[in-house]
Amino acid sequence: MRGRRRRAREADPVPEPFTIDDEVSHLTRIRSEPSQRTLGAFYAGRKRGISTFELLSGRESGRSGAGGFSRADCAYAARKHLPTKGPWCVDDMTSEAYVSQFSTDGSLLVAGFRGSRIRIYNADNGWKVHKDISCRSLQWTVSDIALSPDQQLLAYSSLSPTVHIVNVQSAGKESQANEIHDGLEFSNDDDDEYSFGIFSVKFSKDGQEIVVGNSDRSINVYDLRANKVSVRIRAHAADVNAVTFADESGNLLYSGSDDNLCKVWDRRCLAREKPAGVLTGHLDGITFIDSRGDGRYFISNCKDQTIKLWDVRKMSASIKGRQPRFFDWDYRWMSFPSEARHCKHPNDQSLVTYRGHSVLRTLIRCYFSPVYSTGQRYIYTGSSDEYVYIYDVVTGDIVEKLSWHGSIIRDCTWHPYNPTIVSSSWDGYLARWEASGDEDDLSVLTENEQRTSPYRQSYTRHLLL
């Protein structure tokens, strides 16, 4: 009886019900569910879902009227086939995988590792290594990577004030540290060589600028044509872990910091380094930000173990009241306090909160799923509990958890057109998940190949060697 009473007293509080803003729910649904034309032509008044077979057979029989699918119809059909099969090995390295991303057309995959390596893989040619880059002047790890929109240049950063630029389309597979790596200096003249580290790097949509967030509490914009830093903003009261362009205009920036705040910056009016607005709601440091690309909505991942969805129209001109601090802990080596799991900010301006994944030890990243294949219906994230989580934006449900890795999944990336996800883990693996495939395929990664660290190779491998 005593044990039962103790468990009852320690039970977690009932979480708040999931509710989402009607506008963002509507915008997501019209991108990811059958169009009104399709519903009206085939299935007026029908309550149950429409299968992919029914969509195809309806089109072939001419009942669609226009003879084709809308983009929403395509996204609806494609999102029924999520990339959950596998995984297959893209690469197996001897150091932790920190970052990964597909190019905008999906032809290339770029991955950065702690061991001073960046590799670029040809996704259209059997995932062969297109470029093997030995990083220059690396401090601790590759902290971020960014591929230019034309896929000619790669920018990479580490815990130093220098971003290096590499021509990834140059001849030759190997790119050594003493070759062609142009260094963009973000420090002031009076700063020392390692005065601060850079956590976040992004190209503008036109490829002419690079924006970074750093441990100097600042946002800097580098003009590649003028070859100098054009904007310096003392943006936050702590490390700026995440910064990104809000849309294609390049005028709006979103930033997230260890001061628990998300901020919106309009470069057309930066008087006295004042943001266009501030968004409160997180209870700990923000680890990553991803824009929906419309200049209105974005998501943030946070050490308070949540992802939040934001609408910039709800931002405030300044911080309302003092930032609450419900608990003292360090995410780098402590477990998240169970009593804090359902704490809520008294001035939460977010639209909705997604819970389930874990953010510990490193700056774990989250993203909207691709427009083309899913209509941005999902949010996906790595996690310190070794899963990739996929959330439904509208319902808040965890629709899939991809499980195989033996260590933290810091980053993951979804192919912009194909049903493929690549997860990058501290176990040293880049793993590929597909919507289809034979689970009995001998090339699928097995439990015998799992490990908690790239430095702990399995006994099986050594025996085989």
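Structure data summary
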| read-out | value |
| --- | --- |
| Within the range 125-166, considering residues that are among the charged types (D, E, K, R) and touching a strand residue (DSSP E or B) at 6+ places or on another chain (Cβ under 7 Å), the one surrounded by the most Cβ atoms within 10 Å (Cβ to Cβ) | ASP144 |
| Qualifying residue in the range 270-278 (condition: within 29 Å of ILE409 (Cα to Cα), open to solvent by less than 30 Å² (accessible area, probe 1.4 Å) and small (Gly, Ala, Ser)) | no |
| Residue ID - surrounded by the most Cβ atoms within 10 Å (Cβ to Cβ), chosen from residues in the range 195-240 that are of a type in the set (A, V, I, L, M) and not in a strand (DSSP E or B) | ALA235 |
| Residue identified as within 25 Å of ILE30 (Cβ to Cβ) and over 16 Å from the mean Cα position of the chain (by Cα) among TYR417, TYR367, TYR391 | TYR417 |
| Filtered residues of the range 299-337 (kept if buried (at least 19 other Cβ atoms within 10 Å of the Cβ) and of a type in the set (D, E, K, R)) | LYS303, ASP304, LYS308 |
| Positions within the range 117-154 being within 17 Å of ASP411 (Cα to Cα) and of a type in the set (S, T, N, Q), in sequence order | THR141, SER143 |
| Counted residues, the range 416-445 - those being open to solvent by 10 Å² or more (accessible area, probe 1.4 Å), at pLDDT 95 or above and not in a strand (DSSP E or B) | 7 |
| Members of the range 355-399 found to be over 20 Å from ARG432 (Cα atoms), open to solvent by less than 20 Å² (accessible area, probe 1.4 Å) and among the basic types (Lys, Arg), listed by number | ARG377 |
| Of all residues making up the range 41-51, the number that are surrounded by 13 or more Cβ atoms within 10 Å (Cβ to Cβ) and either at pLDDT 65 or above or not in a loop (DSSP other than H, G, I, E, B) (or both) | 3 |
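The values are calculated or read from the model by the stated rules, or taken from the named source; none is laboratory data. Predicted, not measured: the structure shown is a model, and the values here were computed from it. Positions of Cβ are generated from backbone atoms using ideal geometry, with glycine treated the same way; all protein chains shown enter the neighbour counts. Accessible surface is based on the protein model in full, side chains and every heavy atom, while ligands, DNA and RNA are left aside. Shrake-Rupley method; radii C 1.70, N 1.55, O 1.52, S 1.80 Å.
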